[in-house]
1. Can you find, among Cys20, Leu6, Ile69, the residue farthest towards the positive end of the dipole of region 1-107? Put +1 on the C-beta of Lys and Arg, -1 on that of Asp and Glu.
2. Using a 10 Å cut-off around each Cβ, can you sort Tyr56, Tyr179, Tyr124, Tyr27 from fewest to most neighbouring Cβ atoms?
3. Tell me which residues come under 5 Å, amide H to amide H, from Tyr124 once H is placed; ignore anything under 5 positions away on its chain.
4. I need the phi-derived Karplus couplings for region 40-53: 6.51 cos²θ - 1.76 cosθ + 1.60, θ = phi - 60°, integer Hz, Gly and Pro marked x.
5. Work out from phi, with θ = phi - 60° and the Karplus expression 6.51 cos²θ - 1.76 cosθ + 1.60, the ³J(HN,Hα) of each residue of region 134-150, listed in order in whole Hz, and give x for Gly and Pro.
6. With bins 10 Å wide starting at 0, give me the P(r) of region 1-99 over every alpha carbon pair, in whole percents.
7. Need the C-alpha centroid separation for region 27-102 versus region 130-185, integer Å.
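Please treat every number below as a calculation from the coordinates, not as lab data. Predicted model only: the values in this text are computed from it and were never measured. All Cβ positions, even for glycine, are placed from backbone atoms using ideal geometry, and neighbour counts span all protein chains on display.
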Amino acid sequence: MQTRTLGREGLTVSPLGLGCMGMSWAYGTPDENEAVATIHRAIELGVTFLDTAEVYGPYENEKLVGRAIKGKRDKVVIATKFGFKIDPTQRPAITGTDSRPENVKAVADASLKRLGIEHIDLFYQHRVDRNVPIEETVGAMADLVKAGKVRFLGLSEAGANTIRRAHKVHPLSALQSEYSLGERYASSASAWCRIRRLAAGSSPGRRSAPRSIRRTTTGARNRGCRARTSTPTCDWSRR
């Protein structure tokens, strides 16, 4: 399979990635054997990019991915995310956002343990936290890069201004935004213009079906980098 380079920091992934959320969360009763077999088959077919998050389950999806990649770590790029307040005793378990620097670092350590790996390849902020300046959040993420716990940084569902401010603190390699037949917000948003100028990569996510497949691309698809005036340039807050 061909590869794509996201950003300028050296992150290389397969053009198709495998979103693992539905294997543990949101789409009916999980089947771990089927999920592990799906991940193994994807790797056999040349898919290197696996996407998970602490909130999926919560926590269970990272554990599942960790079990599935044992003995195959050198064949995959692992992306995971932080950014929510999680209380497993509540329904729903997501009770807000939390991108305070101390939480960023705590989540990274916990994710490493659940995944059973020594470093996270791509660490995303899952949703922008309006109570914490993005500079503080990305500063903590950059500390994780310096410590060798994370290789590359990304944002999810962030607006153009947030991307610009974050990129000044540390280069971003990827922006993840929902993009499917049912969701076209990202196709015209000025965020695409911003990532093109910064040479970051995009990882459009599709949530409309189980075993979500993510396609990774290297640039914006909007014409002339001009967003429609009706499209907001702020951070997209949907969960």
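1. Of the candidates, Leu6 comes out farthest on the positive side.
2. Details: Tyr56 24, Tyr179 21, Tyr124 27, Tyr27 14.
If I rank by nearby Cβ atoms, fewest first, I get Tyr27, Tyr179, Tyr56, Tyr124.
3. Thr80, Lys81, Phe82, Gly154
4. Listing the rounded values in order: 4, 5, 4, 5, 4, 7, x, 6, 10, 9, 10, 10, 9, 6 Hz.
5. Karplus values, whole Hz, x for Gly and Pro: 4, 4, 5, 5, 5, x, 5, 5, 5, 4, 5, 5, 4, 7, x, 8, 9.
6. Per 10 Å bin, starting at 0, the Cα pair percentages come out as 15, 43, 30, 11, 0.
7. Measuring centre to centre over Cα atoms gives 19 Å.
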